[in-house]
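S.K.: Would you mind keeping the following structure in view while I ask a few things?
The values are calculated or read from the model by the stated rules, or taken from the named source; none is laboratory data. None of the values given here were measured: they were computed from a predicted structure. Cβ placement follows ideal geometry from the backbone for every residue including glycine, while neighbour counts extend to all protein chains displayed.
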Amino acid sequence: MGPVELLHMSVFSQSFSPCGRFLAAGNNYGEIAVFSLSAALSPDASQASQKPILNFTAHDGPVFSLLSTDTHLLSAGNGEISAWSWAELIKKSTKAAWTRKPSYETSLEIPEINAMIINPKDNSLIVGGGDNNIHIMDMETGIFKSVLKGHTDYIHCLCFKEREEEILSGGEDGAVRIWDSRTNRPVHCIEVFKYEECARPQFGKWISCLATDSDWMLCGGGPSLSLWHLRSMSPTSVFPLPGCQREAVFYQDLIMSVGEGPHVSHCLHGGTVKAQIPCTPSSLNTLALNLKNTEHRVMTVGGSSHQIDVFTNFSYRAFSLSF
Amino acid sequence: MSSDAVKKRKPKVIRNEAGTPETKRGRAEGEQDVLVYNEEVELEGRDPQQDYMLYKDTCAALAKLMAEIQELKSGGAKVGSVEMEERRRQCSVHFITLKKLNRLAHMRLKKGRDQTHEAKQRVDVLHLQLQNLLYEVMHLQKEISKCLEFKSQHEEIELVSEEEFFQEAPAEISRPHVTRDDHHQLTLARLDWELEQRKRLAEQYKMSLARKEKIHKAIEQKREYLSSLQPGLQNIMQASLPVQECLSMPFEQMQKQAEVARHLPPPLYVLLVQAAAYGQACGKTHIFTLNKTLSASISGDVDEAKALSRPPEDSQDDESDSDAEEEQQNTKRRRASVGVQLDDKRKEMLRRHPLSLCVDLKCKDGSVLHLFFYYLMNLNILTVKTKVSTTTDLSGAVSAGELLNSESLLNCLYASDHGQETPNPTNRYQFDKVGITTFADYVSDLGHPYVWVQKLGGLQFSSDGAQVALSASHMERTMKLLQGRLQARLALHKQFSSLEHSIIPISGECQHLFPAKVVSGLTRWTMMSYQEFTELGFVQHVLKAGLLRETDLFFMAVVERGTARLLAAVVVNPRYPEVMPLFSLSLHWKGERSGRTEDNLRAMESEVNMFRAELQGPRPGLQLLTNQIQRLCVCLDVYLETESQVCDGSEGPKEFPREKMCLRTARGPSRLKPFKYNHPQGFFSHR
């Protein structure tokens, strides 16, 4: 990796290990780097501990999505999903456990996979990507059992509501679709750009981030980031953030989101922006919170830079990991 | 008891001594039978012990008589009475006895002394004799030992061993029948033999000397003859010059060059030898072609060089004289100012050797790179100056001014070899002494001290001495790099003159990289200075990543289409095309965006900056920059045409109608546009 390659690197995805001591990050060259959080957070951390312990090329295309199960790390490349055993990764072995491809209709261009989530109820993997469809794969057998069609443009993000067992998907076509995972049927379709409070026609209509917390839903992208009440299917608060948001999460009573612009925004449910914490990358693609491990409770963000900022106290950037 | 005076007839002489013996001198001294009273003779007959008893008796009688007299006196007898007189007479007799006894005692004593004395005398004489004898013995012993130690000169002569002697010497000298027994004779014989041998050898020696003289004379004669041939040979050489030129075997020239080369300082000599060798090795394919790719020649003042190598004794004398002179003068006039002195010292330190090396490197298209190598004597480094001569006239490219600038042409031939500082660490100390802070000030005068130049001259500053092996290993690589550098610069020069006319020159082999129709066009291509460049806002990320150096070349390209204006700041490393130029973009269209604020512009930057294998075109990759610029135009086209699509369309007619074929206009979380051109299908896709 020469300095020019590092200059043009973007980090698209992150995932913490099940034990919470390691962080995996995927970039636009198809590489996955595994960082040791315990080394980077220890008191005698040095420049070297901010470098990955393992860095390997996982896919041909960019790694847009990473997901951790209890034992494996799932990574999405150009139309394929690979699984890597965390135990093996920690031992620096880069052999994939398995690689599977959902069946695609078009063959001219391989569609990317932008989002992956796990349905814990029936242990299935839900992926959405460039072919406008949502594919559901059974984790045990590896068979793609169903396809949810409905979006007219590619899917940016996926979300799962555990209580109702519903899948939410947001796409480039500006629609947030809600699907029932048991019947695989569409339940609702919200076209966010049609709502005046949220719509920002100067940007576009795409939805690039989704998050749910019981009855609440966050969505944003071209339209402003807004908090929706799902029962009433209406936006309750709209956040006046200048750029387009790419990822947002609920954390305790805060909403944290990242997107265009070199900062992490902390917002309150009421619709006010509480703080904007500056970061190194000039725009951010991914935000991850390490809630599994109390010792290493950090937030990490990555974007248009080869560096991943680590926040130990969520109010300021502590240091950066570097590819 | 009375005195027994024995009269003895003593025919002999009367002893008269200093002692007290009373001797009656006879009336006739000379008569033989005179009667003498010799008490000495008497003395011999008396016994001392008896005399002693007599003495005691006499004393007792005397005492008794005295006592009787006393009695008589006290008894009232008259003085002079008969009894007293009788007794007085007896006392007197006793006194006389006593006196005699006394005399005898004295005589005995004297006799005893005389006897002792005589004995002593005798002993003394004997003792003296003994000593004399002892002395003589010692003397004789010394003489003997001296004789024994005597080394005859004959022992210093090395004689042949006995066996050899007996074998070699003729019989009349060796006389074995005599010498075998008699050592003395043997030695004499050997000496004789030695003498004879030496005489013989001396004769031989004289004869050899004479012969040697004769031969010497003969040699001298022949030498004279040879030297008389020299002028004749010179004439022949002169006459053969035209023949040499005709056959292109310039022996004379090479000889002259070799002659001058002897006066070159060692690093330049190494460089010359290596360059000549390399030139011969790779230049000619046919002996009749004179087109060498590399030719080396020496220029400069040979006499001065010779003067430098003269022994320094003369100069030392001069120095001491001049010192004395200077001291005298100092008392009379002011010394030159310190500044001038320092200046002189500096000049002295930076002095160049009078001879310099000129190497001409030819490239395939006929342009020549002239390299002038100089050796700085006191600093022990080599420097180089360059000049380019081309077959075609190079003009008309304003931005290309820096490309062939002789100051910067050879910058960074090897990475980070700027040639601004001297590579010799000891120079630092020398500079401190004369107050030179940086060598960079003198570089334009003296030439650049690049590290590869030192290596070509065999100077490596981690070890000492000029090493030929170092020079040889670097020569080929450096020459190739130099040729590559010249070609790259000339190619850039030509390209720049087109670019300034807003034409992007794309060769036929690279046409497949781009679609047939490219609407965006280059409107401006200018050069920038390092200062101006670093002040630009959208290049700060390159500065922070450490990819900018002062030695790089900086340019600004402006690509326009319609109302959109794309500014591209380009950093070209001197080692182009080994190092790809780096583009940073800023778009002025409906506001200002740069690669930092917008992901699509960042994607355009990476499309242009990263794909060397595609963009460099056919070897040697001199099309890199122009291909990059063309790709930039294509990307701008795609950007503008797809951008209008994304918006809601409520703004009115699109400024840029979609002409490029794309399968998808957005992909991935950052919704990137398709910038990759696929040939020959002609559509755009994502990477």
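S.K.: Considering only residues that are without any contact (Cβ under 8 Å) to a residue 24 or more places away in the chain and assigned to a strand (DSSP E or B), look in region B:588-620 and name the one that is farthest from the other protein chains (Cβ to nearest Cβ).
M.R.: B:Glu592
S.K.: Collect the residues in region A:180-205 that are within 13 Å of chain B (Cβ to nearest Cβ) and among the aliphatic types (A, V, I, L, M), keeping them in residue-number order.
M.R.: A:Ala199
S.K.: Next up: Being in contact with a Gly (Cβ under 7 Å, 6 or more places away or on another chain), modelled with pLDDT under 75 and buried (at least 16 other Cβ atoms within 10 Å of the Cβ), is that true of even one residue in region B:405-412?
M.R.: The answer is no; no qualifying residue exists.
S.K.: A further question follows. Which helices (runs of 4 or more DSSP H) sit wholly inside region B:87-201 and have at least 2 residues that are of a type in the set (D, E, K, R) and modelled with pLDDT under 90?
M.R.: Helices (runs of 4 or more DSSP H) meeting the threshold: B:162-168.
S.K.: Is one or more of the residues making up region A:15-32 over 30 Å from B:Val571 (Cα atoms), polar (S, T, N, Q) and either away from every other protein chain (no Cβ under 14 Å) or outside any loop (DSSP other than H, G, I, E, B) (or both)?
M.R.: yes
S.K.: Does B:Ser584 count as among the small types (Gly, Ala, Ser) and either under 60 Å from the mean Cα position of the chain (by Cα) or at pLDDT 90 or above (or both)?
M.R.: Yes.
S.K.: In addition: How about region A:128-153: which of its residues are out of contact with any Phe, Trp or Tyr (no Cβ under 9 Å at 6 or more places or on another chain), of a type outside the set (Lys, Arg) and closer than 18 Å to A:Asn114 by Cβ?
M.R.: A:Phe144, A:Val147, A:His151, A:Thr152 - these are the residues of region A:128-153 that are out of contact with any Phe, Trp or Tyr (no Cβ under 9 Å at 6 or more places or on another chain), of a type outside the set (Lys, Arg) and closer than 18 Å to A:Asn114 by Cβ.
S.K.: Could you tell me which residue of region B:31-74 is surrounded by the most Cβ atoms within 10 Å (Cβ to Cβ), considering only residues that are at pLDDT below 80 and more than 21 Å from B:Gln115 (Cβ to Cβ)?
M.R.: B:Val36
S.K.: Any chance you could count how many residues in region A:97-115 are of a type in the set (Gly, Ala, Ser) and surrounded by 15 or more Cβ atoms within 10 Å (Cβ to Cβ)?
M.R.: Qualifying residue count, region A:97-115: 1.
S.K.: Give the residues of region A:177-209 that are of a type in the set (A, V, I, L, M) and either closer than 30 Å to B:Lys590 by Cα or assigned to a loop (DSSP other than H, G, I, E, B) (or both), sorted by residue number.
M.R.: Listed by number, the residues that qualify are A:Val192, A:Ala199, A:Ile207.
S.K.: Which count do you get for residues in region A:272-288 that are surrounded by 18 or more Cβ atoms within 10 Å (Cβ to Cβ) and in contact with a Phe, Trp or Tyr (Cβ under 9 Å, 6 or more places away or on another chain)?
M.R.: Looking only at that region, the number is 5.
Let's see how each residue does on (1) without any contact (Cβ under 8 Å) to a residue 60 or more places away in the chain; (2) of a type in the set (S, T, N, Q); (3) touching a helix residue (DSSP H, G or I) at 6+ places or on another chain (Cβ under 7 Å):
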residue: B:Glu44; (1), (2), (3): yes, no, no
residue: B:Asp51; (1), (2), (3): yes, no, yes
residue: B:Leu72; (1), (2), (3): yes, no, yes
residue: B:Arg87; (1), (2), (3): yes, no, yes
residue: B:Leu104; (1), (2), (3): no, no, yes
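S.K.: Among the residues of region A:260-287, which ones are more than 14 Å from chain B (Cβ to nearest Cβ) and under 21 Å from A:Phe22 (Cβ atoms)?
M.R.: None; the set is empty.
S.K.: Counting residues that are at pLDDT 85 or above and within 14 Å of chain A (Cβ to nearest Cβ), which strands (runs of 3 or more DSSP E) fully inside region B:499-581 reach at least 3?
M.R.: B:564-572
S.K.: Of all residues in region A:25-37, which are in contact (Cβ under 8 Å) with a residue 24 or more places away in the chain and touching a Phe, Trp or Tyr at 6+ places or on another chain (Cβ under 8 Å)?
M.R.: Across region A:25-37, the qualifying residues are A:Ala25, A:Gly26, A:Asn27, A:Asn28, A:Glu31, A:Ile32, A:Ala33, A:Val34, A:Phe35, A:Leu37.
S.K.: Condition first: more than 9 Å from chain A (Cβ to nearest Cβ), over 27 Å from A:Val258 (Cβ atoms) and part of a loop (DSSP other than H, G, I, E, B). Now tell me which residues in region B:661-680 satisfy that.
M.R.: B:Asn678, B:His679, B:Pro680 - these are the residues of region B:661-680 that are more than 9 Å from chain A (Cβ to nearest Cβ), over 27 Å from A:Val258 (Cβ atoms) and part of a loop (DSSP other than H, G, I, E, B).
S.K.: Give the number of residues within region A:206-259 that are in contact (Cβ under 8 Å) with a residue 24 or more places away in the chain and within 14 Å of chain B (Cβ to nearest Cβ).
M.R.: 18
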